[in-house]
Amino acid sequence: MSDAIAPETIEALLPEVAELIVGALNLDMAPAEIEPDAPLFGEGLGLDSIDVLEIALVVSKRYGFQLKSDNADNIRIFSSLRALTAHIAAQRSA
Amino acid sequence: MRLPLFSVHDLDATVAWCADGPVGARRFIAESRALADRLPPGNSLLNVCQDRYRFALGFAAGLMTGKVSLQPASQTAETLARIAELHPDAVCLRDDGFTAGDIPCLDFPDLAAVDPAIIEKIPDFPADQLAAILFTSGSTGLPQPHAKRWGKIVANGRAGAFSLGMTQGCHGLVGTVPVQHSYGFESTLLLALHGAAGFWAGKPFYPQDIVAALDAVPRPRMLVTTPFHLSTLLAAQAETGLELPAIDSILSATAPLSAELAARAETATGAPVLEIYGSTETGQIATRRTLDGPVWRLMPGIALHQEGDTTWADGGHIEGRLPLGDRVELRANGEFVLLGRHQDLINIAGKRTSLAWLNHQATAIAGVVDAAFYLPEEEKTDGITRLAAFVVAPGLDRRQLQAELRRRIDPVFMPRPLVLLDKLPRNTTGKLPRNELQALYADWKRRD
């Protein structure tokens, strides 16, 4: 589970995931400008479901696991950069 | 004249597959009736159920109680307010925590206690009963209603089933598109009501979800999807090793599908890739197999007429006589070729609007002096091209503007980038030629 992943592991992985998102979505900002705890959707970065599929694809390619809607809380996973990074860290070490 | 809820299926046929297995027509009708008994009075139902099966029950329950199904293209605060104004008695049927502004919500009830054995007959409804109103974003800034009567909806479903060869057997449909949207409505729900087909209740999102959904329905299976979802699915297969189950046909709509992607999909799955052409206003009107070339074949009963630059469609399941959003070259024998869209109209991820409407939404924001949306030239085929917007709003910052726009326009139309300028390069007649916008966009791309 993601709770078992050390916060410093997640912290260390943040820049890499931020870069992945900015690259995949061609965002008009530097990876470091994504606030780790700001929402990715709506008021925050303003992402939508199309972006989620794009991110899911690059995440699968880079980290070798598939995202699923049924066994994971997508709203939680994509709630912030930190939440997404925690999910990746947990899946990667699973 | 009265027309039945199911045109092909008898009471014992499977009409849907849920997580716990197949659902027969008898159970579907029994559950619709039980739901109808629990709906409050009123003439309209805003059905926002995420689950395709629950949506279908709500739709059938609406038919049974004389409630029209309200199906907006987007669910922005402005759209919901407009619906509440047009339909003050509307009730929102939901199966998640959706909030519908001022419209009262009904949570989807538990119908497990229903006994299908009491159903002895397939219900029928008057052909002239108002069954659904689909909304598009109008060019004047207000959602435009498009009313569909039951007789036209039945004809629509039958025409689709005929054109896709779904008049016999039982085809399993897996849709990645929402059932409220015209394409999802026609190509999953209506095919199950009026063709020899049943649908998967879910709306699979990730490639892995699509695989699981396909595995859950028997063959022959059709994947009802969009170029974007199809391209993501094939990328997951090719680049992440995802294994696809057998697929017997693939249906695509909402945006042009490239021959390159269609060829890759046919090679990867062995299934023919078919496309649907239509609009919310007309419904689906033509099909083609992408790899057979650019020629579309009209569905039964539909006719096209050329008048100057505009092509009009009528007949069959079309309500009245309607102009097409595309420029069209008519051929003999109900065939035609698409030449391109009329300038101002755009389509992003299957949602249509016009640049004029978006500009109107932006300039309606207090503090915005001038605004122009711009759709860049396609940079990636089968991907999603995002809009850019150039806005003059001296007293507002980017965040405030984005928050205001989000209230008014669907998320897919949110501009990326949103560029703030001191003024727009309008010419002496006040027009903003496309090449000027192109230049602004090129400047923005070069900025760093």
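The values are calculated or read from the model by the stated rules, or taken from the named source; none is laboratory data. Note that the structure is a prediction, hence the values are computed from the model and not measured. Positions of Cβ are generated from backbone atoms using ideal geometry, with glycine treated the same way; all protein chains shown enter the neighbour counts.
Output the residues belonging to segment A:45-65 that are assigned to a helix (DSSP H, G or I), facing chain B (nearest Cβ under 9 Å), modelled with pLDDT of 85 or more and surrounded by fewer than 17 Cβ atoms within 10 Å (Cβ to Cβ).
Once the filter is applied, which keeps residues that are assigned to a helix (DSSP H, G or I), facing chain B (nearest Cβ under 9 Å), modelled with pLDDT of 85 or more and surrounded by fewer than 17 Cβ atoms within 10 Å (Cβ to Cβ), segment A:45-65 yields only A:61.
Please find, within segment B:7-20, the residue that is farthest from residue B:194 (Cα to Cα) out of those that are at pLDDT 95 or above and surrounded by fewer than 21 Cβ atoms within 10 Å (Cβ to Cβ).
The qualifying residue farthest from residue B:194 (Cα to Cα) is B:18.
How many residues does segment B:34-49 hold that are more than 30 Å from residue B:215 (Cα to Cα) and crowded, with 20+ Cβ neighbours inside 10 Å?
Taking segment B:34-49 as the starting set, the residues that turn out to be more than 30 Å from residue B:215 (Cα to Cα) are B:34, B:36-46.
Checking which are crowded, with 20+ Cβ neighbours inside 10 Å leaves us with B:44-46.
So the count comes out to 3.
Tell me which of these residue B:196 doesn't satisfy, since it passes every other one: (1) under 16 Å from residue B:157 (Cβ atoms); (2) among the aliphatic types (A, V, I, L, M); (3) crowded, with 24+ Cβ neighbours inside 10 Å.
(3)
Of the conditions (1) outside any helix (DSSP H, G or I); (2) within 30 Å of residue B:446 (Cβ to Cβ), residue A:68 fails just one. Which one is it?
Tallying (1) outside any helix (DSSP H, G or I); (2) within 30 Å of residue B:446 (Cβ to Cβ), residue A:68 fails exactly one: (2).
Out of B:434, B:386, B:426, which single residue is at pLDDT below 85, closer than 15 Å to residue B:346 by Cα and of a type in the set (D, E, K, R)? If you could, list the steps in order and put the result at the bottom.
Numbers: B:386 fails: at pLDDT below 85; B:426 fails: closer than 15 Å to residue B:346 by Cα.
Checking each option against the conditions leaves just B:434.
Exactly one condition in (1) within 23 Å of residue B:353 (Cα to Cα); (2) surrounded by fewer than 20 Cβ atoms within 10 Å (Cβ to Cβ) is not met by residue B:294; state its number.
It is condition (1) that residue B:294 fails.
I'd like to verify a number: residues in segment B:347-391 that are away from every other protein chain (no Cβ under 14 Å), of a type in the set (A, V, I, L, M), touching a residue at least 60 places away in the same chain (Cβ under 8 Å) and in a strand (DSSP E or B), how many?
1
Looking at residue B:101, is it on the phi > 0 side of the Ramachandran plot, assigned by TED's automatic domain parsing to the domain that holds residue B:28 and at pLDDT below 95?
Values: on the phi > 0 side of the Ramachandran plot: yes; assigned by TED's automatic domain parsing to the domain that holds residue B:28: yes; at pLDDT below 95: yes.
It is true that residue B:101 is on the phi > 0 side of the Ramachandran plot, assigned by TED's automatic domain parsing to the domain that holds residue B:28 and at pLDDT below 95.
Are any residues in segment B:185-222 outside any helix (DSSP H, G or I) and within 25 Å of residue B:96 (Cα to Cα), and if so, which ones? Don't jump to the end; show me each part of the working.
Of all residues in segment B:185-222, those outside any helix (DSSP H, G or I) come to B:195-206, B:217-222.
Passing the criteria: B:198, B:199, B:200, B:201, B:202, B:203, B:204, B:205, B:206, B:217.
With at pLDDT 95 or above and not in a loop (DSSP other than H, G, I, E, B) as the only criterion, which of B:114, B:174 stands out? Steps first, answer last, please.
Details: B:114 fails: not in a loop (DSSP other than H, G, I, E, B).
Going through B:114, B:174 in turn, the sole match is B:174.
Let me confirm something: among B:207, B:218, B:245, B:227, which residue is buried (at least 24 other Cβ atoms within 10 Å of the Cβ) and more than 16 Å from residue B:273 (Cβ to Cβ)?
Working: B:218 fails: buried (at least 24 other Cβ atoms within 10 Å of the Cβ); B:245 fails: buried (at least 24 other Cβ atoms within 10 Å of the Cβ); B:227 fails: more than 16 Å from residue B:273 (Cβ to Cβ).
Exactly one residue qualifies, and that residue is B:207.
Test of understanding: among B:205, B:199, B:228, which residue is in contact with an Asp or Glu (Cβ under 8 Å, 6 or more places away or on another chain) and closer than 22 Å to residue B:180 by Cα?
Details: B:205 fails: in contact with an Asp or Glu (Cβ under 8 Å, 6 or more places away or on another chain); B:199 fails: in contact with an Asp or Glu (Cβ under 8 Å, 6 or more places away or on another chain).
Just one listed residue meets the conditions, B:228.
Would you mention how many residues in segment B:184-229 are modelled with pLDDT under 95 and in contact with a strand residue (DSSP E or B) (Cβ under 8 Å, 6 or more places away or on another chain)?
4
As an exercise: evaluate residue B:107 against (1) closer than 30 Å to residue B:302 by Cα; (2) surrounded by fewer than 21 Cβ atoms within 10 Å (Cβ to Cβ) and give the number of the one condition it does not meet.
(1)
For residue B:70, state whether it is over 18 Å from residue B:109 (Cβ atoms), under 19 Å from the mean Cα position of the chain (by Cα) and aliphatic (A, V, I, L, M). Walk me through it before giving the result.
Working: over 18 Å from residue B:109 (Cβ atoms): yes; under 19 Å from the mean Cα position of the chain (by Cα): yes; aliphatic (A, V, I, L, M): yes.
Here the answer is yes, as residue B:70 does meet what is asked.
Can you pull out the residues in segment A:23-43 that are within 12 Å of chain B (Cβ to nearest Cβ) and crowded, with 16+ Cβ neighbours inside 10 Å? Don't jump to the end; show me each part of the working.
Keep residues of segment A:23-43 that are within 12 Å of chain B (Cβ to nearest Cβ), which gives A:24-30, A:38, A:41-43.
Answer for segment A:23-43, where residues must be within 12 Å of chain B (Cβ to nearest Cβ) and crowded, with 16+ Cβ neighbours inside 10 Å: A:24, A:25, A:27, A:28, A:41.
So, in segment B:217-237, of the ones that are within 10 Å of chain A (Cβ to nearest Cβ) and free of Cβ contacts under 8 Å to residues at least 40 places away in the same chain, which residue ends up nearest to residue B:349 (Cα to Cα)?
B:232
In segment B:392-415, what residues are assigned to a loop (DSSP other than H, G, I, E, B) and either exposed (fewer than 14 other Cβ atoms within 10 Å of the Cβ) or over 25 Å from the mean Cα position of the chain (by Cα) (or both)?
Looking only at segment B:392-415, we keep the residues that are assigned to a loop (DSSP other than H, G, I, E, B), and these are B:393-397, B:409-410, B:414-415.
Passing the criteria: B:393, B:394, B:395, B:396, B:397.
Can you name every residue in segment B:75-97 that is of a type outside the set (A, V, I, L, M), farther than 21 Å from residue B:41 by Cα and surrounded by fewer than 20 Cβ atoms within 10 Å (Cβ to Cβ)? Lay out the reasoning, then the answer.
So in segment B:75-97, the residues of a type outside the set (A, V, I, L, M) come out as B:75-76, B:78-79, B:82, B:85, B:87-89, B:92, B:94-97.
Restricting the remaining residues to those that are farther than 21 Å from residue B:41 by Cα gives B:75-76, B:78-79, B:96-97.
B:75, B:78, B:96, B:97 - these are the residues of segment B:75-97 that are of a type outside the set (A, V, I, L, M), farther than 21 Å from residue B:41 by Cα and surrounded by fewer than 20 Cβ atoms within 10 Å (Cβ to Cβ).
Condition test on residue B:385, is it closer than 19 Å to residue A:24 by Cα and of a type in the set (S, T, N, Q)? Step through it out loud before you land on a result.
Working: closer than 19 Å to residue A:24 by Cα: yes; of a type in the set (S, T, N, Q): yes.
So residue B:385 fits the description; yes.
Residue by residue through segment A:66-82, note down the ones that are at pLDDT 85 or above and within 9 Å of chain B (Cβ to nearest Cβ).
Residues of segment A:66-82 that are at pLDDT 85 or above, as a first pass: A:66-67, A:77-82.
Scanning segment A:66-82 gives A:66, A:67.
Taking only segment B:57-85 into account, find how many residues are in contact with a strand residue (DSSP E or B) (Cβ under 7 Å, 6 or more places away or on another chain) and assigned to a helix (DSSP H, G or I).
Within segment B:57-85, residues that are in contact with a strand residue (DSSP E or B) (Cβ under 7 Å, 6 or more places away or on another chain) and assigned to a helix (DSSP H, G or I) number 7.
Within segment B:11-33, track down each residue that is part of a loop (DSSP other than H, G, I, E, B) and in contact (Cβ under 8 Å) with a residue 40 or more places away in the chain.
Within segment B:11-33, B:11, B:13, B:19 qualify.
Can you list the strands (runs of 3 or more DSSP E) found entirely within segment B:253-317 that contain at least 1 residues being more than 21 Å from residue B:146 (Cβ to Cβ)?
Details: elements: B:273-279, B:283-289, B:295-298, B:303-307, B:310-314.
Hits in segment B:253-317: B:273-279, B:283-289, B:295-298, B:303-307.
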